[in-house]
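**Q** Dumping the structure here so I can ask a few things about it.
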Amino acid sequence: MLEELEGPLFLNPLNPAPGRNPREHIRFGHRGTVAPVNASALAESTVKIFGLTKPKLREARQKAQEVFRSNYYDALREFDPESGQSKAHTLLNEYAAGKYPFSAAALDYHKILQEAEPEPI
């Protein structure tokens, strides 16, 4: 009887296999919190193995989110009418490319900010 080999118990953001992208399993919330998406066992083990709930790490993510918020809203003010884009678009692309520490936490925070915006009148 052949048994299946056990795969890695944690998520690796570098060249993730299909279905193992950390962005599909882990979400960062307000103030740098972290949580598994849909009770993902992979996310739960990753959070535990890497100590992602440690207070100093959460505080570092929170600080990164605060820096992102400040830089993002400043960048929104610099709109180029010719291209139709602001520097905020460039900033978001840089975060998506992982250029800044805790980019994933900042991008998840960006989604939270967008959802909190009031509907236009």
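Derivation of every value follows stated rules applied to the coordinates shown; laboratory data play no part. Note that the coordinates shown come from a computational prediction; the quantities given were computed from them, not determined experimentally. Neighbour counts run over all protein chains shown; Cβ positions are idealised from the backbone, glycine included.
**Q** To the nearest 500 deg cm²/dmol, what mean residue ellipticity at 222 nm is calculated for the chain from DSSP H runs of n ≥ 4 alone, each contributing -39,500 (n - 2.57), summed and divided by the residues?
**A** That comes out to -15000 deg cm²/dmol.
**Q** Residue by residue through the range 74-87, which ³J(HN,Hα) values in whole Hz follow from phi under the Karplus form 6.51 cos²θ - 1.76 cosθ + 1.60 (θ = phi - 60°), with glycine and proline marked x?
**A** Per residue, the Karplus-derived 3J(HN,Hα) values read 5, 5, 4, 6, 9, 9, 9, x, 5, 8, x, 10, 9, 5 Hz.
**Q** Continuing with this model, one more query. Enumerate the amide H contacts of Arg27 below 5 Å, restricted to partners 5 or more residues apart or on another chain; note that Pro and chain-start residues carry no placed amide H.
**A** Hits under the 5 Å cutoff: Ala35, Val37.
**Q** Give me the number: length gained by fully extending Lys99 to Lys111, i.e. 0.36 nm times residue separation minus the C-alpha to C-alpha distance, one decimal in nm.
**A** Residue separation times 0.36 nm, minus the Cα-Cα distance, leaves 2.5 nm.
**Q** What FRET efficiency comes out for the pair Leu14/Glu59, r = Cβ-Cβ distance, R0 = 25 Å, nearest 0.05?
**A** That gives a FRET efficiency of 0.50.
**Q** Here's something else I'd like to know. The list (i) -0.25, -0.30, -0.43; (ii) -0.49, -0.56, -0.68; (iii) -0.39, -0.46, -0.61 gives values of log10 I(q)/I(0) by the Debye sum over Cα atoms at q = 0.10, 0.11, 0.13 Å⁻¹, and only one came from this structure; which label was calculated from it?
**A** (iii)
**Q** Now for a different question. Show me 22-30, 95-103, 76-84 ranked by packing, highest mean number of other Cβ atoms within 10 Å first.
**A** 22-30, 95-103, 76-84
**Q** Among Val47, Tyr72, Ala116, which residue has its Cα positioned farthest towards the positive end of the charge dipole of the chain, with +1 placed on the Cβ of Lys and Arg, -1 on the Cβ of Asp and Glu, and the dipole taken about the Cα centre?
**A** Toward the positive end, the furthest listed residue is Val47.
**Q** Also, quick follow-up: To make sure I understand the rule: partners must be lysines, Cα under 27 Å from the Cα of Lys48, and not fewer than 8 residues away in the same chain. Which ones qualify?
**A** Qualifying lysines at Cα under 27 Å: Lys56, Lys63, Lys99, Lys111.
**Q** Using Cα-Cα distances under 8 Å and only pairs 6 or more residues apart, what relative contact order does the range 23-116 have, in percent?
**A** With pairs under 8 Å counted, the relative contact order is 28 percent.
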